[in-house]
1. Which log10 I(q)/I(0) values, to two decimals, does the chain give at q = 0.07, 0.12, 0.15 Å⁻¹ under the Debye formula with one point per Cα?
2. For region 15-60, rounded, prolate or oblate, judged on the Cα gyration tensor with a ≥ b ≥ c (square roots of eigenvalues), a/c < 1.5 rounded, else prolate if a/b > b/c?
3. How big is the accessible area of SER28 in square angstrom, nearest 10, if you roll a 1.4 angstrom probe over the protein chains?
4. Divide by every residue of the chain the summed helix terms, -39500 (n - 2.57) for each DSSP H run of at least 4, and state the resulting mean residue ellipticity at 222 nm, rounded to the nearest 500 deg cm²/dmol.
5. Enumerate the whole-percent occupancy of each 5 Å bin, from 0 to the last occupied one, for all C-alpha pair distances of region 1-127.
6. At a 1.4 Å probe radius, carbon and sulfur cover how many percent of the accessible area of the chain?
7. Between GLN200 and MET147, what is the spin-label point distance in nm, taking each point 7 Å from the Cα along the Cα→C-beta axis?
8. Relative to the present Cα-Cα distance, how much length would full extension add between ILE287 and THR326 at 0.36 nm per residue of separation?
Amino acid sequence: MCAVIVTYSNRFGLLKQVIKSCIENEISTIIVVDNNSTSESKEQLVLFEQKYSKVLQVIYLDKNFGSAGGYKIGLQRALEQKCDYIYLLDDDNKLKHNAVSKLVDEWTKLVDIDNKEEQLALLSYRSDRTIYKEAIIKNNPSYILGMKNSFLGFHILDIPFKIIKFIKKKFIKVAYRKDCGINSGKVLVAPYGGMFFHKQLIKKIGLPNELFFVYADDYEWSYRIPNIYLVLDSQIEDIDISWNLKKISSPFYTYLNNGSDFRVYYSVRNRVYFEQSIVNNRYSYSINKAVFLFFLFFYRNCSNKSRYEIFKKAVIDGLSGNLGETFDMGI
């Protein structure tokens, strides 16, 4: 098995934990794509590569090609290796004990999928991504993306359910069931971190689209996979917390206050562009978009007005298909 990990910035402290967890899970080949990390991080990675030279290969890039470009380069290298299976990880995805063996067990059990080398990917469970677990409990693979024809996950018909869910979580304190009696289930899309599949899948669906640069590229790429199964027993610990998973009160707060302008621009632009390929009712989608932007317009008065303008540009670029590295700011 070959693991592919993409890193950037000064994150060696996280990356080394992930690499060690891969070794503990007996992964034979580990490919790290260094997306032009800091000199400090790069120096430590060079020493680490020398120490674990039998299993570790590092590709050093002279610029940050984003997650899409980084994983594309890593996958191309993985296709050259002798291993048949590939496991994608973020540089903060620390594998828990038996994470890999649980995936292999599940792969063996799924005998009803014809030609699964070209049709199937498995996904390890990350406890901070409970929406994936909810998708399989509800037996609704597309639950991750929100209701059909939603805009950035927002749908006007979903508002009452969101309110009820918020009240239960805030006041009733309903315990989330840890043991749902389900070990695996189908999801429609997946993040790179935790995806496991056979090499033949790449030949079937192709490589990530580097024009996305960062954000939603994993959704666009994984949407091409006919079958994705989340495996709850195969677990990953996220030792860093994603910016959009930190404490939030509403999606409006997230987009206008959380993260950087860079992150918000690319996440919105790419998600909007991706949504155009899955919408089946343009009228419904347009209504949801208009309502969302209406609320966001008024919310901006007590928030970040300059961020609102960046958000609008991201939506326009997403709708017009203006992709690529178009926003000149550092991560």
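The values are calculated or read from the model by the stated rules, or taken from the named source; none is laboratory data. These figures come from a predicted structure and were not determined experimentally. Note: ideal-geometry Cβ built from the backbone for every residue, glycine included; neighbour counts use all protein chains shown. Just so you know, the surface numbers come from the protein's heavy atoms only, side chains and all, with ligands and any DNA or RNA stripped out. Shrake-Rupley method; radii C 1.70, N 1.55, O 1.52, S 1.80 Å.
1. Summing over Cα pairs of the chain leads to -0.29, -0.89, -1.37.
2. Details: a/c = 1.90, a/b = 1.83, b/c = 1.04.
Because a/c hits 1.5 or more and a/b exceeds b/c, region 15-60 counts as prolate.
3. 60
4. -13000 deg cm²/dmol
5. 2, 10, 21, 23, 20, 13, 6, 3, 1, 0
6. Reported share for carbon and sulfur atoms: 53 percent.
7. A separation of 4.1 nm, rounded to one decimal place.
8. 11.3 nm
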